[in-house]
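The structure appears right after this line, and notes come after that.
The values are calculated or read from the model by the stated rules, or taken from the named source; none is laboratory data. Everything numeric here is computed off the predicted structure, so don't read it as measured data. Cβ coordinates were reconstructed from backbone atoms using ideal geometry, including for glycine residues, and neighbour counts include every protein chain displayed.
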Amino acid sequence: MRYWLLKSEPDVFSIDDLAAAPKQTTHWDGILNYQVRNTMRDDMKSGDQAFFYYSSCAEPGIAGIVTINSAAYPDSTQFDRKHDHYDAGSSRDNPRWLMFDVKYQRKLKRIITLEELRRHEKKELKEMLLLKRGNRLSITSVEPSEWRFIIGLE
DNA sequence: GCCAACGTTGGC
DNA sequence: GCCAACGTTGGC
């Protein structure tokens, strides 16, 4: 079992939206980055756990915990001509982009802000990918020690 | 295969 | 809205 961090803009999709969704489950679609796609394909497994992180908002930080609820499978939005994620270079025979299912687990008691995480970036969270310079990937892995430390902050 | 131009992300 | 950092594109 591995740990991950999924970024989402809360104005677009929040942990509360996931909690209110049918079966508290949704498709995590629209990932158009090859490195992240390869991570999804090769490393993410059903049953893995992930932090739900808020980006591009007033208070960036970790808001909740979700479960990866499927293996990666073709992202249907890439075949829809009307969709923002339509990709003319992809085909059903050889899909370029993947998505997976995510299930709500719980909200954190409070948002663990980026600012708070940064207070530990010299020590406990020295290796955390989220905090590394220039990181823009929408999914990053979280080490078990980092996971435990952050849960401890809560 | 190089690299400049361009687009996107995301914190501030 | 700005801008640093990075990924992608496309001409050569």
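Considering only residues that are within 16 Å of residue A:138 (Cβ to Cβ), surrounded by 13 or more Cβ atoms within 10 Å (Cβ to Cβ) and of a type outside the set (Asp, Glu), which ones fall in region A:42-63?
Step one: list which residues in region A:42-63 are within 16 Å of residue A:138 (Cβ to Cβ), which gives A:43-44, A:48, A:50-57, A:60-63.
Narrowing further to those that are surrounded by 13 or more Cβ atoms within 10 Å (Cβ to Cβ): A:43-44, A:48, A:50-55, A:57, A:60-63.
Residues satisfying the conditions are A:44, A:50, A:51, A:52, A:53, A:54, A:55, A:57, A:60, A:61, A:62, A:63.
Tell me, please, whether a residue that is over 16 Å from residue A:26 (Cβ atoms) and in contact (Cβ under 8 Å) with a residue 40 or more places away in the chain can be found in region A:70-81. No. Would you point out the residue of region A:109-128, among those that are closer than 30 Å to residue A:23 by Cβ and either modelled with pLDDT under 95 or over 18 Å from the mean Cα position of the chain (by Cα) (or both), that is surrounded by the most Cβ atoms within 10 Å (Cβ to Cβ)? The qualifying residue surrounded by the most Cβ atoms within 10 Å (Cβ to Cβ) is A:110.
Residue A:28 passes every criterion in (1) closer than 26 Å to residue A:144 by Cα; (2) out of contact with any Phe, Trp or Tyr (no Cβ under 8 Å at 6 or more places or on another chain) apart from (2). For region A:84-108, filtering for residues that are more than 18 Å from residue A:138 (Cα to Cα), at pLDDT below 95, away from DNA strand B (no atom under 14 Å from the Cβ) and not hydroxyl-bearing (Ser, Thr, Tyr) leaves 6. Scanning region A:6-41 for residues that are without any contact (Cβ under 8 Å) to a residue 12 or more places away in the chain and in a loop (DSSP other than H, G, I, E, B) returns a single hit, A:12.
When the residues of region A:115-153 are narrowed to those that are closer than 20 Å to residue A:2 by Cα and of a type in the set (D, E, K, R), which ends up nearest to DNA strand C (Cβ to nearest atom)? Filtering first and then ranking leaves A:132.
Kindly indicate whether any position in region A:64-72 is more than 20 Å from residue A:15 (Cα to Cα) and surrounded by fewer than 17 Cβ atoms within 10 Å (Cβ to Cβ). Looking for residues that are more than 20 Å from residue A:15 (Cα to Cα) and surrounded by fewer than 17 Cβ atoms within 10 Å (Cβ to Cβ), one finds at least one in region A:64-72, hence yes. Report yes if some residue within region A:15-22 is away from DNA strand B (no atom under 12 Å from the Cβ) and under 21 Å from residue A:144 (Cα atoms); otherwise report no. The answer is no; no qualifying residue exists.
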